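In what follows, a single structure is set out as structure tokens and then discussed.
The values are calculated or read from the model by the stated rules, or taken from the named source; none is laboratory data. Treat the numbers as computed from the prediction; the structure is a model and nothing was measured. Glycine gets a Cβ as well: all are built from the backbone with ideal geometry, and neighbour counts include every protein chain shown. We work out accessible area using only protein heavy atoms, side chains counted, and drop any ligands, DNA or RNA first. Shrake-Rupley method; radii C 1.70, N 1.55, O 1.52, S 1.80 Å.
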Amino acid sequence: MPDEDFLGESLRKIAKGAGIAFTGTFIGTALGYLSRMIIARFLGASDYGLISLGFAVMNIAATLSLVGFNTGIQRFVSFYKGKGDEGRIKGTIFGALKICFPLSLIFTLLIFFYAGWISIHVFHSPGLTPVLRIFTIGVPFWVLTAIFNCGTSGFQEIKYEIYTNFIFKDTFKLIAIVTFLALGYGVTGASVGWVLAIIGTSVLAFYFLEKKVFPVLNTKVKAVSVDKELFLFSFPLIFAGLVGLITSWTDTLMLGYFCTSSEVGIYNIAAPTAKLTGIVLTAFGIIFMPVATELYARNRIEDLRNVYSSVTKWIFAIVLPGFLLMALFSASIIRTMFGAEYEEGAMALSILAFSYFVSALVGLASSLLTTYGRTKILMGCSFAGAGSNVLFNFLLIPMYGVNGAAIATGTSAVLGSVLYLFFVYRIAKMQPFRLSYVKPLLASLIAVSVIYIITKYVMGVSLFSLAGMLFVFLFLYFFLLLVLKSFEEEDLMIMRAIDQRLGTKSDWVREIIRKFL
């Protein structure tokens, strides 16, 4: 039987982390999205495509440099925190730095000196050369940021990662990009502004780890090497990281190879917009794995099962209506935010929104596989997803362009997510879904249908009508959740924890909900 007090504490811990994570990721994503809007509108689809390719190459180089250690750091720091072993916590962080940082410097030099060849022979865009050279400077700083942030999140201090990765970085990036564009530096200025934000983020991430969480430079704590353990755990994730890169960037890179930079730009408006549905999974997922690991280490499997189900229900209830609205109003969203030049990506947005909804719904399964130490299974699932992604993109992009990339990427993302869920059930006998999920499903379908009919056939689609109907939708959706009695006691527990973390006051909301339990 689950321990109610311990279960409640675990749910509160996740909710507190998720509360600030959701707020931070929402702010950061909004700022990052605004940066993309400014670049896209100011430079046009072609130059925005060059920026997208430069960022993709930097992301790939940084991920390769981390060789799977970012997940290993979070897991080992969390594990040794539970055992109170500060020496091995320090050894985990130092071990990652010794390997990952030198690798990042090697990748930086290789890309910098071969940027011209890559631009001409791979992407057929000579104008990409300076963009690649600027973005590659950010690779080592990206790696340092990841290591430091994984250390803090391993201590379940999620707020510092949110401050660095979402609030500081995206705020600084927006200001720098706007400044350079206003000064007339064009695509080069936008690239420099983006990289400067990454450099500043690495400095802030180290400050939070050293001064607020765990002083890695403290000579009183002697580092105990866990290099072998860390490597053996992370080694399968090296390959998982490789195939994850293929899954994440095959669409953009193949569009760059087969099509024009303008089509790359159009697609990279649709894809980040669709990924907005992933904010909720990010918010809950960042703190879920450390909590799940601690529950697993204490052998509280029934508590872990209940936490898994409760958190997934919240993700489902929040993401589903967002996906439905995005799919139905895809053309209007793109036209309003980025301009008519990018409206060709509307169908791609609808396709990708569905795939990211499914991925968000079952996304915690990959964290559970990591918690159980089944990294080889993670690797296998990643290979399956990446292999299908490469094949589908190779076949569909030459025929269907932007929409082909969306179909290929969406299909492979769903395949990988379902495989994670399948293996979690086989290994841990866990699946998060309950019959109670039907209630938020009905509430979402009814609320979205009403808003769609009013907007489409009564008010007309415009920026003001979309904004106004959003508030109407939120009220109607909440009302339907109450009427259908969708809330449970665990939901009130999570809401209380979010209040405690954010200083918000939702007592009156909880009192209303309690009357409908």
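A few comments on the model shown:
- Counted by Cβ distance under 11 Å from Ser225, the other residues give a net charge of +3, where Lys and Arg count +1 and Asp and Glu count -1.
- Taking 0.36 nm per residue of separation and subtracting the Cα-Cα distance, full extension of the segment from Leu435 to Phe94 would add 118.1 nm.
- Relative contact order of the chain, pairs being alpha-carbon contacts under 8 Å that are 6 or more residues apart, as %: 21
- FRET efficiency for Tyr452 and Phe112, using Cβ-Cβ distance with R0 set to 35 Å, rounded to 0.05: 0.10
- Label-point gap, in nm, between Tyr257 and His121 - each point 7 angstrom along Cα→Cβ: 1.4
- Here the label points at Phe101 and Phe464, each 7 Å from Cα along the C-beta direction, are separated by 5.6 nm in the simple model.
- If you wrap the Cα atoms of the stretch 88-187 in a convex hull and average its projected area over all directions, you get 7.8 nm².
- Working note: Karplus 6.51/-1.76/1.60 with θ = phi - 60° gives the stretch 379-388 the couplings 5, x, 5, 5, 4, 4, x, 5, x, 5 Hz, where Gly and Pro are set to x.
- Net lengthening on full extension, Arg298/Thr188 (0.36 nm per residue, minus Cα-Cα): 34.4 nm
- Applied to the stretch 127-142, the Karplus parametrisation 6.51 cos²θ - 1.76 cosθ + 1.60 on θ = phi - 60° returns per-residue 3J(HN,Hα) values of x, 6, 3, x, 5, 4, 5, 6, 5, 5, 5, x, 4, x, 6, 4 Hz, with x for Gly and Pro.
- Across Lys212/Lys313; Lys90/Lys159; Lys83/Lys169; Lys98/Lys159; Lys169/Lys376; Lys98/Lys275, pairs whose alpha-carbon gap is larger than 23 Å: Lys212/Lys313; Lys83/Lys169; Lys98/Lys159; Lys169/Lys376; Lys98/Lys275
- Carbon + sulfur, % of accessible area of the chain - ligands and nucleic acids excluded, 1.4 Å: 68
- Paired Rg and Dmax values of the chain, which use every Cα atom, in angstrom: 22.6, 70
- On a per residue basis, the chain carries 42 Å² of accessible surface, using protein heavy atoms and a 1.4 Å probe.
- Here the relative contact order of the stretch 121-230, from alpha carbon pairs under 8 Å that lie six or more residues apart, stands at 34 percent.
- Fully extended contour minus Cα-Cα distance, from Arg514 to Ile38, at 0.36 nm per residue: 166.9 nm
- In this structure the amide hydrogen of Gln431, modeled in the peptide plane, comes within under 5 Å of no amide hydrogen from residues 5 or more places off or on another chain.
- Phi to ³J(HN,Hα) by Karplus 6.51 cos²θ - 1.76 cosθ + 1.60 over the stretch 98-109, Hz, x for Gly, Pro: 5, 9, 6, 5, x, 4, 5, 5, 5, 5, 4, 5
- Within the shell of other residues whose beta carbon sits under 11 angstrom from the beta carbon of Thr188, the net charge comes to 0, with Lys and Arg scored +1 and Asp and Glu -1.
- About its Cα centre, the dipole of the chain is roughly 800 debye, where the only charges are +1 on Lys and Arg Cβ and -1 on Asp and Glu Cβ.
- Simple label model, 7 Å out from Cα along Cβ direction - Tyr425 to Phe471, nm: 4.3
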